[in-house]
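The values are calculated or read from the model by the stated rules, or taken from the named source; none is laboratory data. All values reported here derive from a predicted model rather than from experimental measurement. Don't worry about glycine lacking a Cβ; one is built from the backbone with ideal geometry, like all the others, and counts go over all protein chains shown. Heads up: the accessible areas ignore ligands, DNA and RNA and are worked out on the full protein's heavy atoms, side chains in. Shrake-Rupley method; radii C 1.70, N 1.55, O 1.52, S 1.80 Å.
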Amino acid sequence: MKALTLTEYKSLVFGDVPDPRIADDEVLVRVRACGICGSDVHGMDGSTGRRRPPIIMGHEAAGVIADVGKQVKDWKKGDRVTFDSTVFCGACWYCKRGLINLCDHRRVLGVSCDDYRQHGAFAEYVALPQRILYALPDSVTFEQAAMVEPVSIAVHAVEITPVSLGDTAVVVGAGMVGLLVVQALRVAGCGKIIAVDLEPEKLELAQKLGADVGLKADECDVVQEVRSHTHGRGADVALEVVGLSTSINTAIASLRKGGSLTVVGNLSPKVEIPLQVLVTRQLTLAGSCANSGEVPACLDLLGRGAITTEALVSATPPLAEGAAWFNRLYAREPGLLKVILHC
Ligand SMILES: [Zn+2]
Ligand SMILES: [Zn+2]
């Protein structure tokens, strides 16, 4: 089959590789669309240690079942599917409690690290355990389904945030996931949604997609502005989608007493936080990882247009042109958001 393989750091090659073989409990999916994730772009130079060549990356994908293993009963050839980016084991303490994102034996598709190498979906075919599949509703296209993983990250983060109807929410970071968080907060019944970023184009997009206010962090006093929108109190909840010391501290300072911060971004391995503020203002701080069973709900939201991804997709070129698009993303070409490769 054809695949886009990271053959050495910073070098992607489109060409022939052996077809994947399926085990008895696996299905073979003919991939139709696969999104390029920021983690693939950052990972291709070796800096994260999680894309060790040779590896076929790609974990945001959808396609059609081409073959099924002997033990597979619930899926058949021709089914339109998407799948979790995580291969969870289904048997550990966490999996049995439905916390599949915290699985002890979690493998991410298209990742190779110290512990494992799991080829992903920048290819014609990918072999997957049946338990990670989700059926695609007719109303959802392959391109939309290739966005379900980032959507699920946003929806999961909102899901674990204690949002009440009419709450004011601050979203720090209006990149891909931040823009999806804005939409998920709207669905969750937030009142005022305030987006914070450094780039005016992203703030504009955030406002188109449901934010009421866009604050350019280097041009205003974010905390003061948030207070002016909340009777001087501060926001009920904040979601941080960057993962730097400054942005986390902005999010914390924007909260009212008793407010909750959910952290999705994790660019820095460590940040400093104001401990006494956290304690004396009784704030709640939570981390949010991947998704935990929200994919069907996300597909429904996409199908109904409650969350839209069209404005976030910059291009849908063929897999054969993937290397060039990776390079453009790696060079941080301005205005380039999600690129989805047709496989
Ligand atoms: Zn991803
Ligand atoms: Zn498990």
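Are there chymotrypsin sites (Phe, Trp or Tyr not before Pro) in region 114-150 that DSSP puts in a loop and that have at most 12 other Cβ atoms within 10 Å, and which ones?
Details: sites: Tyr116, Phe122, Tyr125, Tyr134, Phe142; in loops: Tyr116, Phe122.
Those satisfying the criteria are Tyr116.
May I ask you to compute the full-extension gain from His42 to Ala320, defined as 0.36 nm times their residue separation minus their alpha-carbon distance, rounded to one decimal in nm?
On the way: separation 278, 0.36 × 278 = 100.08 nm, distance 2.04 nm.
Additional length available on full extension: 98.0 nm.
Please sort 150-156, 268-274, 47-53 by packing, taking for each peptide the average over its residues of neighbouring beta carbons within 10 angstrom, highest first. Let's see the in-between values first.
Values: 150-156: 26.3, 268-274: 11.3, 47-53: 15.4.
Going from most to least packed, we get 150-156, 47-53, 268-274.
Is region 15-169 rounded, prolate or oblate when judged by the Cα gyration tensor, a ≥ b ≥ c being the square roots of its eigenvalues, rounded requiring a/c under 1.5 and prolate requiring a/b larger than b/c?
Values: a/c = 1.44, a/b = 1.22, b/c = 1.18.
Note, shape of region 15-169 comes out rounded.
Counting other Cβ atoms within 10 Å, which GluC sites (Glu not before Pro) in region 118-202 have at most 13 and lie in a DSSP loop?
On the way: sites: Glu124, Glu143, Glu159, Glu201; in loops: Glu124.
For GluC sites (Glu not before Pro) across region 118-202 that sit outside H, G, I, E and B with at most 13 neighbouring Cβ atoms in 10 Å, the list is empty.
Distance between Cα centroids, region 25-66 to region 288-340: provide it in whole Å. Value for the Cα centre distance between the two parts: 13 Å. Helix 148-159 and the long axis of the chain differ in direction by around 40°, with both axes built from C-alpha atoms.
Within region 207-247, report the trypsin sites (Lys or Arg not before Pro) that DSSP leaves as loop and that have at most 16 other Cβ atoms within 10 Å.
Values: sites: Lys208, Lys216, Arg227, Arg233; in loops: Arg233.
For trypsin sites (Lys or Arg not before Pro) across region 207-247 that sit outside H, G, I, E and B with at most 16 neighbouring Cβ atoms in 10 Å, the list reads Arg233.
The phi torsions of region 287-292, fed into the Karplus equation with coefficients 6.51, -1.76 and 1.60 and a -60° offset, translate into couplings of x, 10, 10, 6, 9, 9 Hz, rounded to whole numbers, with Gly and Pro shown as x. Straight-line cross-link reach from Lys216 at under 16 Å between alpha-carbon atoms covers these aspartates and glutamates, not counting any fewer than eight positions away in the same chain: Asp197, Glu199, Glu201, Glu204, Glu225, Glu240.
Kindly state, to the nearest 0.05, the FRET efficiency for Lys257 paired with Trp93, given R0 = 41 Å and r defined as their beta-carbon distance. Can you show the working numbers first?
Details: r = 36 Å, r/R0 = 0.87.
Efficiency, rounded to the nearest 0.05: 0.70.
In this structure region 41-84 gives 43 Å² per residue of accessible area when probed at 1.4 Å with all protein chains present.
Put the Cα centre of region 97-116 next to the Cα centre of region 158-188 and the gap is 26 Å.
Calculated mean residue ellipticity at 222 nm for the chain: -7000 deg cm²/dmol, from DSSP H runs with n ≥ 4 weighted as -39500 (n - 2.57), summed, divided by the residue count and rounded to 500.
Using 31 Å as the Cα-Cα cut-off, could you pick out the over-long pairs in Lys10/Lys338; Lys2/Lys270; Lys77/Lys208; Lys270/Lys338?
On the way: Lys10/Lys338 19 Å; Lys2/Lys270 40 Å; Lys77/Lys208 40 Å; Lys270/Lys338 27 Å.
Those over the limit are Lys2/Lys270; Lys77/Lys208.
Run the numbers on the chain and let me know its relative contact order in percent, using alpha-carbon pairs under 8 Å that are six or more apart.
Details: 800 pairs, mean separation 60.4, N = 343.
Relative contact order of the chain: 18 percent.
Helix 176-187 and the longest principal axis of the Cα set of the chain meet at an angle near 70°. The separation of region 118-154 from region 262-279, counted between C-alpha centres, amounts to 32 Å.
Does region 1-43 come out rounded, prolate or oblate, given a ≥ b ≥ c as the square roots of the eigenvalues of its C-alpha gyration tensor, rounded meaning a/c under 1.5 and, failing that, prolate meaning a/b above b/c? Intermediate values should be presented prior to the final figure.
Working: a/c = 2.18, a/b = 1.60, b/c = 1.37.
Taking the square roots of the gyration eigenvalues as a ≥ b ≥ c, region 1-43 is prolate.
Sorted from longest to shortest, the spans of the Cα atoms of the chain along the three principal axes equal 61, 41, 38 Å. Judged by the ratio a/c of the largest to the smallest principal axis of the C-alpha gyration tensor, region 276-334 counts as oblate, that ratio being 1.5 or greater while a/b is no larger than b/c.
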